[in-house]
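S.K.: To start, I am sharing the structure in question, which I have written as structure tokens.
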Amino acid sequence: MAGRGRIKAVETKNWENLAAERLAEAKEACCYLEEAFVEGPEMFLLALNRVVNARGGVGKLAKKTELSRE
């Protein structure tokens, strides 16, 4: 009985990593932000934070836009 008792490892992704991958795409991020905006300011700020982090963080965004982090 070869192989009996062995468990095959399966690669899984957690929700945060999967969301970050999708939010790195412009179209996904735009739809996400639009929906969050409808939900209200708190939800929009949370969504904006997630999108910024998915795209490399505040530092990368500041550099790309040539604005300071403040």
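S.K.: Whole-Hz ³J(HN,Hα) for each residue in the range 30-36, computed from phi via Karplus 6.51 cos²θ - 1.76 cosθ + 1.60 with θ = phi - 60°, x for glycine and proline: what do you get?
M.R.: Running phi through 6.51 cos²θ - 1.76 cosθ + 1.60 with θ = phi - 60° gives 4, 4, 4, 5, 4, 5, 5 Hz.
S.K.: Give the relative contact order (percent, whole number) for the chain; include only Cα pairs under 8 Å separated by 6+ residues.
M.R.: Computed value for the chain: 25 percent relative contact order.
S.K.: With N set to the number of residues, divide the alpha-carbon radius of gyration of the range 6-70 by 2.2 N^0.38 Å and report two decimals.
M.R.: Rg over 2.2 N^0.38 Å, computed on Cα atoms: 1.40.
S.K.: Note the full-extension length gain between Glu16 and Glu66 as 0.36 nm times their separation in residues minus their Cα-Cα distance, in nm to one decimal.
M.R.: Details: separation 50, 0.36 × 50 = 18.00 nm, distance 2.81 nm.
Going from the current span to full extension adds 15.2 nm.
Readers should treat all values here as calculations from the given coordinates under stated rules, not as data from a laboratory. Because the structure is predicted, anything quoted here is derived from the model rather than measured.
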